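Report on the following structure.
The values are calculated or read from the model by the stated rules, or taken from the named source; none is laboratory data. The shown structure was predicted, so the numbers you read here are calculated from the model rather than taken from an experiment. Don't worry about glycine lacking a Cβ; one is built from the backbone with ideal geometry, like all the others, and counts go over all protein chains shown. For accessibility, only protein heavy atoms count, side chains too; no ligands or nucleic acids. Shrake-Rupley method; radii C 1.70, N 1.55, O 1.52, S 1.80 Å.
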Amino acid sequence: MNQPAEAAERDVMEYDVVTVGAGPAGLAFAIRLKQLDPDINVCVIEKSSTIGAHILSGAVIEPEPLDALLPGWRDNPPPICVPAKEDEFWLLSKDGGRKAPFIPPGMNNKGNFIVSLGAMCAWLAPQAEALGVDVFPGFAAAETLHDDDGKVLGVRIGDMGIAKDGSHKPGYTQGIDIHAKVTVLAEGARGHLTKQLVKRFKLDEGHDPQSYSIGIKELWQLPEGRTTPGKIVHTLGWPADSHTYGGSFIYHLEGNQVAIGYVTGLDYRDPNYKPWEAFQQFKHHPTVKPLLEGGSILSAGARAIATGGWQSVPTVDMPGALLIGDTAGLLNVPKIKGTHQAIRSGMLAAEHLVGNALAPEGFDAKLRDSAAMAELRKVRNVKPGFKKGMWFGLANAAWETAVGGLSPWTMKVTPDWSSLEKIDEYEAPDRHWLVQRELAPRDRLAGVYFAATDHDEDQPVHLIVHDPEICVTRCATEYNNPCTRFCPAGVYEIVEDAEATHGKRLQINAANCVHCKTCDIKDPYEIITWVTPEGGAGPNYQNL
């Protein structure tokens, strides 16, 4: 952005390419770029305190793109890397379940690997640095820079040491500007800068809105002999009702550890639905609880994932910049996998830039003609089919699988914020929310503890509610303040306040935030904007 005359001159770093986000897409891109042209000057900036600290995924990966990127990786694998050996798929009821006699094709994991994606990114970063990539953790890109014609010129790193009231604290440090010929956005789902660029360049025109799910995950240490390393279990059904998209994963690791999580589609209708509590209910299911009893949580967190699919991928190039990975929405929903797509798109972007004199123009066409988009097109109707209920969704998924995605129609995707029913118009089923929990964590604040999230509380609130009056008037009446339920970290509270106009007010506990982006996605009035806090703030996930 054009700098005001009165602003202090900022330090500037010059690069050929700046990459925002050190996830699998951003790091794969940087590695491939240097493999193709060692003389290109590229940096990767990452808002988390260490590489991988904000990364959360299942994660089972298809290895082929990683084989292409780093052919010898299997001789020096990431710290957590367990070959997939056994798949199970269950349809759960409240008190039991039925094991499917066959595994859906997208969930057949023969040849795949269970990894910690955070640990994998921490393993990738030094390999990028060995090729000459500058990797900078703890630097949050606060805004994009543009010339007078709007072209992206780079990013501005957020200032450090600003107090909540806007004043400069003793340790104030002005953020630097990073100028680059090309800016590559690899921020993950619902990226802060990507959201702004999509609007500025109208990248969503001609495409359906993006849709999301929230994945909530825990890593457990279990008693000796309880796990079967390489075993992969997925479930569908309870505790979600037939009109709520939800399912779980249980991945058995080595060292008596298990990764367990629950994914809820953020297109759910029930204004009283609680994704975090649904996960805790799932953990108490009679087929799951015996696995976890006597164990302890090592780490926990939550993250939105982009699940709109083929029809929701925006235009991915613009003057001076391009989008890759989950920022572009490349996750394959039926597979519940996006890492291979992220690596694919990162490599493809590097190859395009090297062959196109570092000009991003034309990358959108190249991506849409690639194997990554061909994969998404085959399954484009699977997730939207669940809008009509679980049973229709399963039947539709079977049909789409049988015909290889060759149906002559494409189902529409609608924005998640528009899906909530009004509180007086929706008859919610009795979900029997657990009050007394035998398994940790007992509540959402305890979950925040296991996320090890850390924010300096004396900094500007990074969750901007543009019209707080709506929260205590219209939203309270129409939806009973769903932010107090859909946030997995207890960030939003409605508190009594005799001095407030309506006797109550919205309280934002920003220090609890785990950067999942759910509030920015699900708020029915679209008045919540998530922006980056100080660099290095947020969760510190361990092997998620």
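Numbers below:
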quantity: Protection proxy ranking, peptides 406-417, 112-123, average beta carbon neighbours within 10 Å, highest first; calculated: 112-123, 406-417
quantity: Solvent-accessible area, 1.4 Å probe, carbon plus sulfur percent, for the chain; calculated: 52 percent
quantity: About the Cα centre, charge dipole magnitude for region 412-495 (Lys/Arg +1, Asp/Glu -1 at Cβ), debye; calculated: 320 debye
quantity: The chain, accessible area per residue, ligands and nucleic acids excluded (1.4 Å, Å²); calculated: 40 Å²
quantity: Added length on full extension, which subtracts the Cα-Cα distance from 0.36 nm per residue, ILE103 to GLU526; calculated: 148.4 nm
quantity: Estimated distance in nm for a label pair at LEU358 and ASP148, the labels positioned 7 Å out from Cα along Cα-to-Cβ; calculated: 2.3 nm
quantity: Where labels lie 7 Å past Cα in the beta-carbon direction, separation of ASP95 and VAL495 in nm; calculated: 4.3 nm
quantity: Entries of LYS34/LYS337; LYS99/LYS335; LYS47/LYS388; LYS85/LYS378; LYS274/LYS388; LYS151/LYS387 with Cα pairs more than 29 Å apart; calculated: LYS47/LYS388; LYS151/LYS387
quantity: Estimated FRET transfer efficiency (GLU457, THR484; beta-carbon r; R0 22 Å; 0.05); calculated: 0.65
quantity: Given charges at Cβ of Lys, Arg, Asp, Glu: region 342-456 dipole, positive-most of ALA397, ALA446, GLN436; calculated: ALA397
quantity: Mean Cα-pair separation over length for the chain, i.e. relative contact order, pairs under 8 Å, 6 or more apart, %; calculated: 20 percent
quantity: Cβ-based charge dipole, the chain, positive-most Cα from THR477, ALA537, PHE89; calculated: PHE89
quantity: Cβ-placed point charges (K, R +1; D, E -1), dipole of the chain about Cα centre in debye, nearest 20; calculated: 1940 debye
quantity: Sequence-separation-based contact order of region 140-275, relative, with Cα cut under 8 Å and 6+ spacing, percent; calculated: 17 percent
quantity: The chain: antiparallel DSSP beta bridges as a percent of all, rounded to 5; calculated: 70 percent
quantity: Mean residue ellipticity (222 nm) of the chain, computed from DSSP H runs ≥ 4 via -39,500 (n - 2.57), nearest 500; calculated: -6500 deg cm²/dmol
quantity: FRET efficiency, ALA163 to THR414 (Cβ-Cβ, R0 41 Å, nearest 0.05); calculated: 0.50
quantity: Karplus-derived HN-Hα couplings along region 88-94 (A = 6.51, B = -1.76, C = 1.60, θ = phi - 60°), whole Hz, x at Gly and Pro; calculated: 9, 10, 10, 10, 9, 10, 4
quantity: Gyration tensor verdict on the chain (Cα atoms; rounded if a/c is under 1.5, prolate if a/b is larger than b/c, oblate otherwise); calculated: rounded
quantity: Cα-only radius of gyration and Dmax that characterise region 1-122, units Å; calculated: 20.7, 69
quantity: Charge dipole magnitude, Cβ of K and R +1, D and E -1 - region 450-544, Cα centre, debye nearest 20; calculated: 400 debye
quantity: Leading residue at positive end of dipole, region 279-429 (Cβ point charges), from ALA359, THR339, ILE305; calculated: THR339
quantity: Relative contact order of region 219-284, pairs being alpha-carbon contacts under 8 Å that are 6 or more residues apart, as %; calculated: 32 percent
quantity: Pairwise label distance in nanometres, THR287 with LEU131, each label 7 Å out on the Cα-Cβ vector; calculated: 4.2 nm
